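Presented below is the structure to which this report refers.
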Amino acid sequence: MNAPFNIQLQSALEIAGMTQKQLAQKLGITEASVCLYLKGDRSPRASLISKMADALGCKAEYLLGTRDDNEECSFNKLYRMMARSANQLTAEEKAKLVKILFREG
């Protein structure tokens, strides 16, 4: 069963760490329109869904609920978290993380 668009959109927003206002600005639409999409009161056109996916760093299939996972959004969240924390890691910890990520050890 496909998840409703508004649920998938909310999930993608949370994973991306983005607010409704930020998404609206990236898409060139009003924050009120984003709110209506999130409530499920309105459905966006296909071209807007594609732009939403690009802005959120995920696939349109995820927003449409035709994919169960959102690996790309999850990866972007992990990448941002690591980038923010990189200056706190030692060189040894960074090397270990690279090995883990690339399954080198």
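The values are calculated or read from the model by the stated rules, or taken from the named source; none is laboratory data. A quick note: this is a predicted structure, and the numbers were derived from the prediction, not measured. Ideal geometry is used to build each Cβ from the backbone, glycine not excepted, and the neighbour counts take in all protein chains shown.
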### Qualifying positions in region 1-50 - among the basic types (Lys, Arg) and either part of a loop (DSSP other than H, G, I, E, B) or surrounded by 17 or more Cβ atoms within 10 Å (Cβ to Cβ) (or both)
Arg42, Arg45
### Task
Please enumerate the residues belonging to region 10-25 that are at pLDDT 95 or above and touching a helix residue (DSSP H, G or I) at 6+ places or on another chain (Cβ under 6 Å).
Gln20, Lys21, Leu23, Ala24
### Task
Could you please find all residues in region 51-69 being at negative phi and outside any helix (DSSP H, G or I)?
Cys58, Lys59, Thr66, Arg67, Asp68, Asp69
### Task
Would you please list the contacts, defined by Cβ atoms under 6 Å and residues six or more apart or on different chains, that run from a residue in region 77-105 that is in a helix (DSSP H, G or I) to a residue that is surrounded by fewer than 10 Cβ atoms within 10 Å (Cβ to Cβ) and modelled with pLDDT under 65?
Lys99/Gly105
